[in-house]
Amino acid sequence: MSTRAKKELGQHFLADENILGVIGRLAELEDDDVVLEVGPGLGVLTRYLAVRVAHVHAVELDRSLEPTLREVLAGRENVALHFGDALAFDLGSLVPAPAKLVANLPYNVATPLVAESLDRLPAVRVWCVMVQREVADRFFAEPETKAY
């Protein structure tokens, strides 16, 4: 695929499909799950989720990825594509309501999305997100340390 990640959007596309099994185990995916994915990118994780859960809400900011996503997800009736900024999107209005957030989060949105989803998505009980190392370090940093 010739689509390139846009640095200004913090994009990094999931390329290693071997990681999908790890994500699936960590997210404890079940066939009746409703999952929210933010930043589906090229749809690699979305496709994986769609064959394992009841419903996937995929929220993508980059409209230029719409043709690729629609092609990759064609025939997947259990996937709802939503286009817009996940931080501005009314995630609480998604029906059915997601109980899990499973995503390879773009760098620019990772910290605020995880923090805000704690309040905005009361039905979510599992967060399984891949983030860049710097973001993960910040999540677990002690106050008054360099990473904090």
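The values are calculated or read from the model by the stated rules, or taken from the named source; none is laboratory data. Treat the numbers as computed from the prediction; the structure is a model and nothing was measured. Positions of Cβ are generated from backbone atoms using ideal geometry, with glycine treated the same way; all protein chains shown enter the neighbour counts.
Taking each residue of region 23-38 that is under 24 Å from D85 (Cβ atoms) and looking for partners that are of a type in the set (F, W, Y) and in a helix (DSSP H, G or I) with beta-carbon atoms closer than 8 Å, six or more apart or interchain, yields I23/Y48.
Taking the stated definitions as given, is R125 surrounded by fewer than 18 Cβ atoms within 10 Å (Cβ to Cβ) and at pLDDT below 90?
no
Residues satisfying the criterion are absent from region 97-105 (criterion: free of Cβ contacts under 8 Å to residues at least 60 places away in the same chain and either loosely packed, with under 13 Cβ neighbours inside 10 Å or out of contact with any Pro (no Cβ under 6 Å at 6 or more places or on another chain) (or both)).
Quick check: anything in region 91-111 touching a strand residue (DSSP E or B) at 6+ places or on another chain (Cβ under 6 Å) and of a type in the set (S, T, Y)? No, there is no match, as no residue in region 91-111 is touching a strand residue (DSSP E or B) at 6+ places or on another chain (Cβ under 6 Å) and of a type in the set (S, T, Y). Mind listing whichever residues of region 109-124 are among the small types (G, A, S) and under 22 Å from P96 (Cα atoms)? Of everything in region 109-124, those that are among the small types (G, A, S) and under 22 Å from P96 (Cα atoms) turn out to be A115, S117, A123.
Within region 1-29, if we keep just the residues that are in contact with a strand residue (DSSP E or B) (Cβ under 7 Å, 6 or more places away or on another chain) and buried (at least 19 other Cβ atoms within 10 Å of the Cβ), the residue that is modelled with the lowest pLDDT turns out to be L14. Taken as a whole, the structure places A86 among residues that are of a type in the set (A, V, I, L, M), outside any strand (DSSP E or B) and either touching a residue at least 40 places away in the same chain (Cβ under 8 Å) or buried (at least 18 other Cβ atoms within 10 Å of the Cβ) (or both). Suppose the filter is farther than 21 Å from V22 by Cβ and in contact with a strand residue (DSSP E or B) (Cβ under 7 Å, 6 or more places away or on another chain); does E37 pass it? So E37 does not fit the description; no.
Mind listing whichever residues of region 30-69 are surrounded by 13 or more Cβ atoms within 10 Å (Cβ to Cβ), assigned to a helix (DSSP H, G or I) and of a type in the set (K, R)? Can you show your working first?
Of the residues in region 30-69, the ones surrounded by 13 or more Cβ atoms within 10 Å (Cβ to Cβ) are 33-50, 52-62, 65, 68-69.
Subset that is assigned to a helix (DSSP H, G or I): 44-50, 65, 68-69.
The answer is R47, and nothing else.
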